[in-house]
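See below for the structure under consideration.
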Amino acid sequence: MTARRVHTWVALVTLIIGLPGVANAYIHLAIDRPSGPVAIRWTAPRVRWYANTTAVPGVTAAQFQSEVAQAFTTWETVPTASIAFEFAGFTSAIPFDDDDLSVFGFQSEPEMDRVLGATTFIVDTITGNIIESDVFFNSIFAWSTSVTGDPARFDLRSVATHEIGHFLGLGHSAIGETEMRPEGGRRVLGSGAVMFPISLGRGAVADRTLQPDDIAGVSDLYPDGDFRSETGVISGRVRMNGAGVNGAHVVAFNPQSGALIGTFSARDGTFRIGGLTPGPHGIRVEPLDDADVDSFLDPPGVNVNFQVTFHPRLIVAPVGGANASFDVAVQPK
Amino acid sequence: MNPRTVGFALVAALTVVTPAAAQAPSEPIGRLQVGVGVGWLGGASFGEQPADLRTASGGPYRLFESETDLGAAASFELRVGVGLTPRFGVEGRVARSGPELKASVSSDAEASGTFTISESIDQYVFDGGVVIRLNEFQAMGLLPFVSAGAGYVRQLHEGDSLVEEGQLFYAGGGFTRVLFARPQRFVRAASVRADLRLNVLSLDLEADSSRLQGSLAGSIVFTF
C-alpha cells in the first residue's frame, strides 16, 4: 500500500472535550490533502467489529457487546443511509492496537479523567478510506445498561452511539447550549445532536436516539440510493466587514419540522449543509462558544467575536441540488 | 393605480346600488365568456414551530421560537367560462400572485429581539369548477351565484430554486352585474363580477398539512 497510515482520535467527554482531529465542513472528519480536505469513510460494504472481553462493575462482556450492537443498529437503520456492520466476535485484543481489527472495549485511562470514550482511526491518507477504527470506554467511570438510566452512572449505549458516529467518520456537532459550572467545565442545557461533544450526564439515555443533524450527517457520508436526489444543499459564505469568517457555526432551521442541521464555515467563510428536506430554511449563525473550540476545529484563526445572527431571507434547499450561494453578514460583538 | 386599488374599485363598483331597470339585461347562454381581473389573496398561517434541543431527561430546551405565515398579496387572474343553462355554468381560471413567506423568530437563547425572515414566492393556480346562478335572488341588477371547484397549485420559490405543487379546493360565491348586452355584436355582453372564496390548499412537500386561504377578486367579463 502506498498510502501512509496515520492515527487520529476523537473523544466524548464529561465536562470539557479535547479533539486533535481535523474537522471539515459538514462535520465530517477529514484529512487535509493538497487538493483539499478528503472525508474519511468506510468503503467496505459491511464493517466488521470486535468486542473486547473486559467487564466492568455493572456491565458484563455480554452486556457490553449487546449494548454496542444495539448502538450500531441505531446507525444502520437510518433509512437514508447505506452502511452495514457485523459483529465478528469477542477478542482479547485491546483498542488502540494497530492490529487490523476494529475493537470496542473498556480500558482504564485515569489520566483522561474527563474522557468517557474515544475513537481512533487508521486511515489511508490518499483516499481517506478507514482501514481500522478502535473505540474505548473509560472504565474509571461507572457504566450502566439500564433501559431507564442509572442516575449514578453513564449510559453505555448513549456513549457508544456517539462513538460509533465518530467510527463512521462524523465529527462533533455544535448544535447545543451549555452553561459554565461554578466548579469548572460545562453543563449541557440541551443538545441537538448525539454528536454534540459533551455528554448529557449520568443517568441520561436520550442520546440513544439520533437527531436530524446526526441523520443528515451519516446520510451525506453514506448516502442511500435516492438520498442525494431527494434532499437539498444550502451553501453560502459568512462575512464580517466584508471578510470571510472562519469557524462560524451555521445552522439550517426547517420552519415546518423544527429540524436543526448544522456545519462550520471554512477559513474563507464558505459553508455547505447537505441532507436538507427540500423547502425554505432559516439560517442562524453563531460563534463557537458552547464548548471549547478545539472540540470542533483547529483553533488558530477561528473567529468567535461576532453576534448571533439570523439571515434575513429564507433560503430554499432545492430538490437534488444546491441553492445559489449567498452571504450572511454578521456583526462584531 | 396599483393592482390592489383596481381590485377594490371593481368590487366597489358592484356594490353601488343603482336604480334597477324593470328587467335587467342578462348574459347570453352557451357563449364563451372571458374575464380578466385582480384581487386579493388572504394570508395563511403555518403555525408555530419551535427549535428545540434535547435535555438530559429527553424533554425540550427551546433554542428559539418561530411562527411562519404566508402573507396576503395581490393577484391577477384570467377566467374562461360558458353558461350551459340559465342556472348552471362551468369555468376555468388561471391566477398569479406573489405572496411572501415570513418566519418570525423570537426568544432566542443567545440573541434578544425578534427577527423576521422572509422569501418571495410566485404562485400560480389553475382551477375549474361549476357556477350556479341564483336567479331567484336577483335584485337591483345584481345576480348572485355560488361556485365550487378544484385545481392545481404551482409555487416557485425565490430564484426558481424549488417548485412546489399541490391541490386546491374552493367554494365561494359572489355577484355579477351586466353592463350591457348586444346580442348581434361580436362582443355580445359585458359584466362585472365579484368573487369571494374560501380555498383549501395542500402542497405535496407539506405532508399532512392543508391551509385555509380566503380570497377576494373583481373582474370584468366579456361574452362572445
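Give me the net charge of A:I140's neighbourhood, meaning all other residues with Cβ under 12 Å from the Cβ of A:I140; Lys, Arg count +1, Asp, Glu -1. Don't skip to the end; give the middle numbers.
Values: positive: A:R114; negative: A:E109, A:E111, A:D113.
Residues near A:I140 contribute -2 overall.
If a paramagnetic tag sat 7 Å from the Cα of B:R31 along the Cα-Cβ line, which residues of segment B:182-203 would have the backbone N under 15 Å from that point?
Within reach of a label on B:R31: B:182-192.
Tabulate in residue order the Karplus-calculated ³J(HN,Hα) for segment B:210-224, using 6.51 cos²θ - 1.76 cosθ + 1.60 with θ = phi - 60°, rounded to whole Hz; enter x for Gly and Pro.
10, 9, 9, 9, x, 8, 9, 8, x, 8, 10, 10, 10, 10, 10
For segment A:52-64, in order, what is each residue's ³J(HN,Hα) by Karplus, 6.51 cos²θ - 1.76 cosθ + 1.60 with θ = phi - 60°, in whole Hz (x at glycine and Pro)?
Values, residue by residue: 6, 8, 5, 10, 10, x, x, 9, 7, 4, 5, 5, 4 Hz.
Arranged from highest to lowest average of other beta-carbon atoms within 10 Å per residue, in what order do the peptides A:127-135, A:190-198, B:76-84 appear?
Order by mean packing, descending: A:190-198, A:127-135, B:76-84.
Give me the percent of the accessible area of segment A:245-303 that comes from carbon and sulfur atoms, probe 1.4 Å, all protein chains in place. Could the numbers behind the result be given before it?
On the way: 760 of 1510 Å².
Its accessible area is 50 percent carbon and sulfur atoms.
Would you calculate a helix-derived [θ] at 222 nm for chain A, using -39,500 (n - 2.57) for each DSSP H run of n ≥ 4 and dividing by the full residue count, to the nearest 500? Mind dumping the intermediate values first?
Working: 4 runs with 43 residues, N = 333.
After summing the helix terms and dividing by residue count, I get -4000 deg cm²/dmol.
Is segment A:226-329 rounded, prolate or oblate when judged by the Cα gyration tensor, a ≥ b ≥ c being the square roots of its eigenvalues, rounded requiring a/c under 1.5 and prolate requiring a/b larger than b/c?
On the way: a/c = 1.85, a/b = 1.70, b/c = 1.09.
In terms of gyration-tensor shape, prolate.
Calculate for chain B the 222 nm mean residue ellipticity that helices alone would give, adding -39,500 (n - 2.57) per DSSP H run of length 4 or more and normalising by residue count, nearest 500 deg cm²/dmol.
Details: 1 runs with 13 residues, N = 224.
Mean residue ellipticity at 222 nm (helix-derived): -2000 deg cm²/dmol.
What trypsin sites (Lys or Arg not before Pro) does segment B:135-224 have in DSSP loop regions with at most 15 other beta carbons within 10 Å? Write down the numbers at each step before the final one.
Values: sites: B:R154, B:R177, B:R185, B:R188, B:R193, B:R197, B:R211; in loops: B:R185, B:R188.
For trypsin sites (Lys or Arg not before Pro) across segment B:135-224 that sit outside H, G, I, E and B with at most 15 neighbouring Cβ atoms in 10 Å, the list reads B:R185.
What list of ³J(HN,Hα) couplings, whole Hz, do you get for segment B:141-157 from phi and the Karplus terms 6.51, -1.76, 1.60, once you set θ to phi - 60° and write x for glycine and proline?
Couplings: x, 9, 9, x, 8, 10, 9, 7, x, 8, x, 10, 10, 10, 10, 9, 7 Hz.
Report the gain in length on full extension from B:E110 to B:V163: 0.36 nm times residue separation, minus Cα-Cα distance, nm rounded to one decimal.
Details: separation 53, 0.36 × 53 = 19.08 nm, distance 3.42 nm.
This chain segment gains 15.7 nm when fully extended.
Mind checking B:163-171 for the average number of partner chain beta-carbons within 10 Å of each residue's beta-carbon?
Working: counts 3, 5, 0, 0, 0, 0, 0, 0, 0.
Mean partner-chain Cβ count within 10 Å for B:163-171: 1.
So what is the accessible area of segment A:3-218 per residue, in Å², with the probe set to 1.4 Å? Mind dumping the intermediate values first?
Values: 7760 Å² over 216 residues.
Spelled out: the 1.4 Å probe surface of segment A:3-218, per residue, equals 36 Å².
For the interface of A with B, what's the total buried accessible surface in square angstrom, probe 1.4 angstrom, rounded to the nearest hundred?
Values: alone 13530 and 12020 Å², together 22690 Å².
Interface between A and B: roughly 2900 Å².
Kindly identify segment B:46-99 as rounded, prolate or oblate by the Cα gyration tensor criterion: order the square roots of the eigenvalues as a ≥ b ≥ c, call it rounded if a/c is under 1.5, otherwise compare a/b with b/c, prolate if a/b is larger, else oblate. Provide the component values of the computation, followed by the final result.
Values: a/c = 7.14, a/b = 3.40, b/c = 2.10.
Cα axes put segment B:46-99 in the prolate bin.
GluC sites (Glu not before Pro), restricted to segment A:172-228: which are DSSP loop and have at most 15 other Cβ atoms within 10 Å? Spell out each step's value before the answer.
Values: sites: A:E177, A:E179, A:E183; in loops: A:E183.
Sites meeting the loop and neighbour criteria: A:E183.
Take B:D195, A:D32 and sort them by solvent-accessible surface of the protein heavy atoms, 1.4 Å probe, largest at the top. Please list the in-between numbers first.
Working: B:D195 5, A:D32 100 Å².
I get A:D32, B:D195, largest accessible area first.
Do you know the relative contact order of chain B, to the nearest whole percent, from alpha carbon pairs under 8 angstrom that are 6+ apart? Write down the numbers at each step before the final one.
Numbers: 609 pairs, mean separation 47.4, N = 224.
21 percent.
Other chains' Cβ within 10 Å of A:305-318 residues: what's the mean? Spell out each step's value before the answer.
Numbers: counts 0, 0, 2, 7, 2, 11, 2, 5, 5, 12, 6, 11, 3, 6.
The per-residue average across the peptide is 5.
At a 1.4 Å probe radius, which order do B:R54, A:R181, A:R267 fall into by accessible area, largest first?
Details: B:R54 30, A:R181 80, A:R267 180 Å².
The most accessible residue leads, giving A:R267, A:R181, B:R54.
Of the beta bridges DSSP finds with both residues in segment A:226-329, what % are antiparallel, to the nearest 5? The partial results should precede the final answer.
Details: 22 of 27 bridges.
Among the beta bridges of segment A:226-329, antiparallel pairing accounts for roughly 80 percent.
Can you give me the % of accessible surface on segment A:96-226 that is carbon or sulfur? Probe 1.4 Å, all protein chains present, nothing else counted.
Numbers: 1930 of 3970 Å².
Carbon and sulfur: 49 percent of the exposed surface of segment A:96-226.
Rolling a 1.4 angstrom probe over the protein chains, ignoring ligands and nucleic acids, what is the accessible area of A:M180 in square angstrom, nearest 10?
Counting only protein heavy atoms, the figure is 120 Å².
Using a/c under 1.5 as the rounded threshold, could you call the protein assembly as shown rounded, prolate or oblate? The axes a ≥ b ≥ c are square roots of the C-alpha gyration tensor eigenvalues, and prolate needs a/b larger than b/c, oblate otherwise.
The shape class here is prolate.
Mind checking segment A:23-119 for GluC sites (Glu not before Pro) that DSSP puts in a loop (not H, G, I, E or B) and that have at most 15 other Cβ atoms within 10 Å? Don't jump to the answer; show the numbers that get you there.
Values: sites: A:E67, A:E76, A:E86, A:E111; in loops: A:E111.
When the GluC sites (Glu not before Pro) of segment A:23-119 are filtered for loop state and at most 15 Cβ neighbours within 10 Å, A:E111 remain.
Other chains' Cβ within 10 Å of A:188-201 residues: what's the mean? Could you put the intermediate results ahead of the total?
Details: counts 5, 6, 11, 5, 6, 2, 1, 0, 2, 0, 0, 1, 5, 2.
Counting Cβ atoms of other protein chains within 10 Å of each residue's Cβ and averaging gives 3.
At 1.4 Å probe size, put A:R41, B:R93 in order of accessible surface, largest to smallest. Intermediate results must be reported in sequence, preceding the final value.
Working: A:R41 75, B:R93 35 Å².
Largest to smallest exposure gives the sequence A:R41, B:R93.
The values are calculated or read from the model by the stated rules, or taken from the named source; none is laboratory data. In this text the structure is predicted, and so the values were computed from the model without any measurement. Heads up, the Cβs are rebuilt from the backbone with ideal geometry, glycines too, and the neighbour counts pull from every protein chain shown. What goes into the accessible areas is simple: the full protein's heavy atoms, side chains included, and nothing from ligands, DNA or RNA. Shrake-Rupley method; radii C 1.70, N 1.55, O 1.52, S 1.80 Å.
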